[in-house]
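For reference, the structure is listed below as C-alpha cells.
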Amino acid sequence: MSLSGRGKGCRSLHLNEDNGRFVLLAVLILVYLLCGAAVFSAIERPSELRAHGRWNGTLLNFSETFNISLQELNSFLREYEAAIAAGIRADALRPRWDFTGAFYFVGTVVSTIGFGMTTPVTIAGKVFLIFYGLLGCAATILFFNLFLERIITLLAVVMKAVRERRIRNSGLLPPGIRHDFSAYSLPGWKPSVYHVMLILGLSAITISCCASAMYSPVEGWAYLDSLYFCFVTFSTIGFGDFVSSQDAAYEYQSLYRVANFFFMLMGVCCIYSLFNVISIVIKQVLNWMLEKMSCLFCQRCNKANAFLGRRNAIRPGSRGRKGRFNHQPESDGPCDSDTEGRRLSGEMISMKDLAASNKVSLAIMQKQLSESANGYPRTVCGSSRHNGFSGGVGALGIMNNRLAETSNSR
C-alpha cells in the first residue's frame, strides 16, 4: 500500500470515529454482560439448586403427612402466588392502594425504580400506567439533569473559593485585587472532573451509610443488606427483594416515611449525577482504545493524526502533537459550533497528561464547571440559540447540541 493510501485509511478511520466508539462500547458492554453472567452463575447457581432440593423435599413431606396430592398442593401454591402479586402477605403489611401506598408506587414508577411489590391488576390501571409513566419518567429524567447542573455549579463555586483562599494565603494574588475576588477569574484554572467524581462518590457513600443506619434497626435488616438495598434503589435497579416502608405500622411512622423519601430522592439524584460523570471517564477510555487500535492499521498514524481534525472527541496526548506541528489552537469564539458545540459530549484529555500537570484543561465538563464558578454562561452559537437547543450537561447537553446541529444543517 502506498503512503497516500495509508493516509486515506487513517483519515477514513477518524472520520468514522463516532461510529467506531459506539461499536466499541457495544462490544465492551456485551463482554461485560457475559463476564457478569459467568460470575453470578458461578456464585448463585449452587445456592439455587440447594434451595430447589430443600423445597421439593418440603413439598413431598407435607404431601405425605397431610395426605394431599402434589397436584392439589401446587394448585394451592399458584393461588398464593397470585395473592402475593396482589400485595397479600402472611405478615401484616400496609395497604397497597390507599393514598400513601399509591404515592409510594407512583414515586417508584416515575423514578424508574420499579420494585414490583405493588403493580396494577385492573385493565384501567395498566392502561393509565402506560401514559402516566411516559410523561412522568421523561419529566423525572429532566429533573435529574437539572439537578446535575446545579450540583456542578455548587461544586465549582466551592472549589473555586477554596483555590482562591489557597492563593490568597500563599500571597500570590496581585496587590490590586487582593480584597476583590469577584473581579478575579483565576485565568488558566478549571476544576477537575476527577475531583467532581470523587466528591459525588463520597456523597453517595455518605448518603448510603446514613440511610443504612436508619433502615437496619427500623426494618430489621442486616447493615450489609441495607447497603445493598440503598445501591439497588438509588441506582434505580429496584429488584424488589428488599423494599422499605412496607410494614403496617412503625414507631415514629410519619418521621420514618419522610426520612425514607428524603434519602431516596437525594440518593437517586446523587447516583445519577455520579453515573453521568463516570460516563465521561469511560468515553475518554474509549478514545484512548480507538487511538491504540488505529496504530495497528497504520504505523504512521501518529504523524498523520496531527493534521487530521477529529469530531466530537479529543485524542489522548493530542496536545503534544499539536505543539510539535505548530497546529493552531481551537477557537474560543462565540460561534465555533464544530468545537464548542460538539465538545459538549464531555470528553477529556488523556489521563497521562492529567497526571503530568494539574492545570490541564479537561473538555466540556471542566469548561462548564469553570464558567459556572466564574458566574457567566457558556457562549452558545447564535444559530443554536435561535433554534432553542442549547445548554445542559451530561446526557441532556449532548441531546440539545445534537438537535441544534441537526436543525442548523437543514
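With each label point set 7 Å from Cα along the Cα-Cβ vector, what nm distance links ILE167 and PHE143?
With each label placed 7 Å out from Cα toward Cβ, I get 3.9 nm.
Set the Förster radius R0 to 41 Å, insert the Cβ-Cβ distance between SER279 and ARG50 as r into 1/(1 + (r/R0)^6), and round the FRET efficiency to 0.05. Kindly include the intermediate steps, with their values, before the conclusion.
Numbers: r = 39 Å, r/R0 = 0.95.
Between SER279 and ARG50 the formula returns 0.60.
Kindly state, as a whole number, the per residue volume in cubic angstrom of the convex hull around the alpha carbon atoms of the range 21-92. Mind dumping the intermediate values first?
Working: hull volume 12.0 nm³, N = 72.
That works out to 167 Å³ per residue.
Calculated FRET efficiency, CYS209 and ILE123, Cβ-Cβ r, R0 51 Å, to nearest 0.05? Let's see the in-between values first.
On the way: r = 43 Å, r/R0 = 0.85.
My answer for the efficiency is 0.75.
Would you please give the FRET efficiency between SER75 and LEU265, computed as 1/(1 + (r/R0)^6) with r the Cβ-Cβ distance and R0 = 41 Å, to the nearest 0.05?
0.40
Can you give me the solvent accessible area of TYR228 with a 1.4 Å probe, rounded to the nearest 10 Å²?
Solvent-accessible area, nearest 10 Å²: 90 Å².
Output wanted: per-residue J couplings in Hz (rounded whole) for the range 54-64, from phi through Karplus 6.51 cos²θ - 1.76 cosθ + 1.60, θ = phi - 60°, x for Gly and Pro.
Rounded to whole hertz, the list is 5, 5, 5, x, 5, 4, 5, 5, 5, 5, 6.
Quick one: which residues, 5 or more positions from ASP247 or on another chain, have an amide H under 5 Å from its amide H? H modelled 1.01 Å from N in the peptide plane, none for Pro or chain starts.
Amide H neighbours of ASP247: ARG94.
In what sequence, highest mean first, do 255-263, 54-62 appear when ranked by Cβ atoms within 10 angstrom?
By packing density, highest mean first, the sequence is 255-263, 54-62.
Highest mean first, how do 77-83, 264-270, 231-237 rank when packing is the count of other Cβ atoms within 10 Å averaged over residues? Show your work: numbers first, answer last.
Details: 77-83: 10.7, 264-270: 20.7, 231-237: 18.7.
Taking the mean over residues of other Cβ atoms within 10 Å, the ranking is 264-270, 231-237, 77-83.
Take ILE43 and PHE239, extend 7 Å from each Cα along the Cα→Cβ direction, and tell me the distance between the two endpoints in nm.
0.9
The values are calculated or read from the model by the stated rules, or taken from the named source; none is laboratory data. Note that the structure is predicted; figures quoted are calculated from it, not measured. Every residue, glycine among them, receives a Cβ derived from its backbone with ideal geometry; neighbour counts consider all protein chains shown. Remember, those area values only see protein heavy atoms, side chains included, never the ligands or the DNA or RNA. Shrake-Rupley method; radii C 1.70, N 1.55, O 1.52, S 1.80 Å.
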